[in-house]
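Notes follow the structure.
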Amino acid sequence: MTHRRSPRADAVPTPAGGRRALRLRVSGAVQGVGFRPFVHGLATELGLAGEVRNTAAGVEIELEGPETELANFTVRLVDDAPPLALIEDLHVEEAVPTGRRGFCIVPSTQGSRVETLVTADAATCPDCLRELFDPEDRRYRYPFINCTNCGPRYTITLSVPYDRPATTMAGFTMCPDCRREYTDPSDRRFHAQPNACPACGPRLTFLRPAAPSERLQGEAALAAAVRLLREGALLAVKGLGGYHLACDAADTAAVARLRARKHRDEKPFAVMAADLDTVRRYCFLSAPEAELLLSPRRPVVLLERLAAREAALADGVAPGVTTYGFLLPYTPLHHLLLRDCARPLVMTSGNLSDEPIAFRDDDAWARLGPLVDGFLTHDRPIHIRVDDSVVRAFRDRPYLLRRARGYAPLPVAFSGADREILAVGGHLKNTFCLTRGGRAFLSHHIGDLENLQTLRSLAEGVAHLQGLFALEPEVVVHDLHPDYLSTRFALDFARTRNLPTLAVQHHEAHVASVLADARYTGPVVGVAFDGAGFGPDGTVWGGEIFVGRAGDLHRAAHLETFPLPGGDAAAREPWRGAVVLLDHLRAAAGEDDAWLADCLRRLPAGDNLLARPWNAVLHMARRGVRSPLTSSVGRLFDAVSALLGLRHDVAYEGQAAILLETTAREAVRRRGLPRSRSEPAWLEAATPFAAGDALTLPIAPFVRGVLADLDAGVEKSEIALRFHHALAETAARTAAALADAHGCEAVGLSGGVFQNLLFLELACRSLEAAGLRVLVHRNVPANDGGLCLGQAETAAARLRAGRS
Ligand code: ZN
Ligand code: ZN
Ligand code: FE
């Protein structure tokens, strides 16, 4: 955006008939992003008269002046819009000139229908950062500095239109200096709703749970927190969307203490570093990854570690994996903390294992007090809790693993429906969405719906998003699983409002999600590989290949089923899957139990397996006692991980599969990606066979291949890579054959297994080699965090087809 004054701006007298008037209606993310000041500046620069106001529908502009300037204005309105603005629609209509003079910003009007977008929270901008560390600036080291280009938005917004009284800043009265900035159209803080300074704004407080009556404020509070962190203590820090638990990321004892107190055994912690140079001391960093780290969304970015031992943080930060999740400071308080501590800090969500992150001060104090040595907090309330987003770079573009802060509540485009839809998502990594027209307003990451607190977050989240965008769902969509808490919530919600409901199968929703994400409407082959989802045939699905379109998908192939003795216990104990797979092979080969015992003995860490109640588990599996059949590719990954002795029990969902990927990457580093399409030798046997009306991808060849390689002394990492490659190649060949048979030009890849970027790359290569277009996720995660979008897409398609 330019502030250069046009030489024509002063030429107010215009030739007769040259003066016209326009009314412009702008919708999109145009409130709280400095849009009205920008409009004011542009109109003034071009010498145009009129006014601008926020409405519930967006921003409305009345303009009057010479024709050329008006045309100029409409072009530059779009081209030079402020960095956080997102114009979705611009409606221009002719109005009657009234000969008015000057341009002004008028107070907001309340409209009946809210169309405008509340924007996402944005990281401190470069201008504010410069002021933060400028001793001459009146906001020098003020932890709440912000402007129209940065700062809190979604997390402080109570309702729309987005104006100060509708935010959690309502309780702070601006001092004369702040008021002057706020009302000066030429100021960067003109109508910046969270505008504040040390004289009038929020204040830092430090307290210790051990002595809660001793409070420190301002610089003293910050100094006490920094001292604590440098001494290896644990600190709760209030951020944008909730509290973090922080400690020195290089301090082994501190990190171990954090793990113990948080009851989090092995799941990696996110680490905040002051700048890119610090990140480069620990990780490989490509240009697109650096760009992701620096973006105003400031997500956690998963990065490959450097191999050198001295490039390591404390062991407990990310045990067993070769990545670190780094993020850069995104609030002024983070910048101050990181600069003063001068070391990377663990910044993990402030909760106990699976609970939602704490964001209300009293709740945080009650829940986190016992875990930490100190609290660094402040008096600007957080209205809605939002976790940090997590992203990786895949083929140099963002690939989301968790969509939350910085993204929510911005909508994602989908095929659209006439009726407003509520899609409640799945069970794990829950997100929901509400739709209007072609926009799906996706919630932030709610979490695993395994306790009442998370369920309450879902209910509150739905109510809040409904309020923000005045959405009144007319159809409610849920997973086919009758016992998911999300399903029960959906049925309750629909019953009390007398709304129709629609159940969508889990993996059909995954495929529809990637179709919506890629905006693809043609017929496709859809591959949904993940952990587990309810199948209509009574088996647990998770390795499914469909043909068709969103809303009309047919299961054309799936992984051969195998029993999961103990059900959910089998997901936590991958060794059970390993035993079951060996038994599968034994039966196929016509061998006896002695053969099986011998197999177990020969496995790496076989003694460990033999010490387990493997006989009892086999018994259960063979007799079908509490042993649902599954076609889950996620469980196959787990079982292979256990066969290789990488992991027999898991501390978090997906851990065994992550270790298998990590191990396979060692081989990739050594010899690159597999080139030949016929490598390894055991791939040839993995040909799908027809059974019933769907193809079956056999599992025996994979198990046989792994065992043969182990017997031949092939290195584990090589075997892990061969397994990845063989499975990707088999899936791709099957998908290609189906695409050929059904006239599809594209293949969509979705489901939690595709968080494994090595597997994703191998699958993409195989499919591309077959001349197919590959659709991958970009705007929502491939895991269950993207499920709600697929549910909405499916419902929209069925509504269009009149089959709801
Ligand atoms: Zn700023
Ligand atoms: Zn002030
Ligand atoms: Fe899933």
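The values are calculated or read from the model by the stated rules, or taken from the named source; none is laboratory data. All of these numbers come straight from a predicted model, not from anything done at the bench. All Cβ positions, glycine included, derive from the backbone under ideal geometry; neighbour counts span all protein chains shown.
Some values worked out for this structure:
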read-out: Lone qualifier among ALA571, ALA597, ALA587 - being under 30 Å from CYS764 (Cβ atoms), out of contact with any His (no Cβ under 8 Å at 6 or more places or on another chain) and modelled with pLDDT under 95; value: ALA571
read-out: Qualifying strands (runs of 3 or more DSSP E) (wholly inside the range 19-108; at least 2 residues being touching a residue at least 60 places away in the same chain (Cβ under 8 Å)); value: 19-29, 49-55, 86-95, 103-105
read-out: Leading residue by the ranking (surrounded by the fewest Cβ atoms within 10 Å (Cβ to Cβ)) among those in the range 228-245 that are out of contact with any strand residue (DSSP E or B) (no Cβ under 6 Å at 6 or more places or on another chain) and under 19 Å from PRO329 (Cα atoms); value: ARG230
read-out: Counted residues, the range 777-793 - those being closer than 19 Å to GLU544 by Cβ and assigned to a helix (DSSP H, G or I); value: 9
read-out: Strands (runs of 3 or more DSSP E) wholly inside the range 689-776 containing at least 3 residues that are more than 16 Å from ligand 3 (Cβ to nearest atom) and out of contact with any Gly (no Cβ under 6 Å at 6 or more places or on another chain); value: 689-691, 694-697
read-out: Residue match in the range 98-105 (condition: at pLDDT below 95, touching a Lys or Arg at 6+ places or on another chain (Cβ under 8 Å) and under 25 Å from ARG188 (Cβ atoms)); value: yes
read-out: Any hit, the range 181-201, residues being more than 16 Å from ligand 3 (Cβ to nearest atom), assigned to a helix (DSSP H, G or I) and in contact with a helix residue (DSSP H, G or I) (Cβ under 9 Å, 6 or more places away or on another chain); value: yes
read-out: Among (1) in a helix (DSSP H, G or I); (2) under 11 Å from PHE326 (Cβ atoms), the one test that LEU313 misses; value: (1)
read-out: Scope the range 142-159; condition part of a loop (DSSP other than H, G, I, E, B) and either in contact with a Ser or Thr (Cβ under 6 Å, 6 or more places away or on another chain) or over 25 Å from ALA463 (Cβ atoms) (or both); matching residues; value: TYR142, PRO143, PHE144, ILE145, ASN146, THR148, ASN149, ARG153
read-out: When residues of the range 117-166 are limited to those that are among the basic types (Lys, Arg) and within 16 Å of ligand 1 (Cβ to nearest atom), the one farthest from PRO381 (Cα to Cα); value: ARG130
read-out: Pick from the range 170-214, criterion of a type in the set (Val, Ile, Thr) and either at pLDDT below 95 or surrounded by fewer than 14 Cβ atoms within 10 Å (Cβ to Cβ) (or both), ranking: nearest to ligand 2 (Cβ to nearest atom); value: THR173
read-out: Which listed residue, of PRO268, PRO296, is within 15 Å of LEU401 (Cβ to Cβ), in a loop (DSSP other than H, G, I, E, B) and not β-branched (Val, Ile, Thr); value: PRO268
read-out: Condition check for THR794: surrounded by fewer than 24 Cβ atoms within 10 Å (Cβ to Cβ), of a type in the set (S, T, N, Q) and more than 18 Å from the chain's Cα centre (by Cα); value: no
read-out: Residues within the range 434-458 that are within 19 Å of ALA494 (Cβ to Cβ) and charged (D, E, K, R), tallied; value: 2
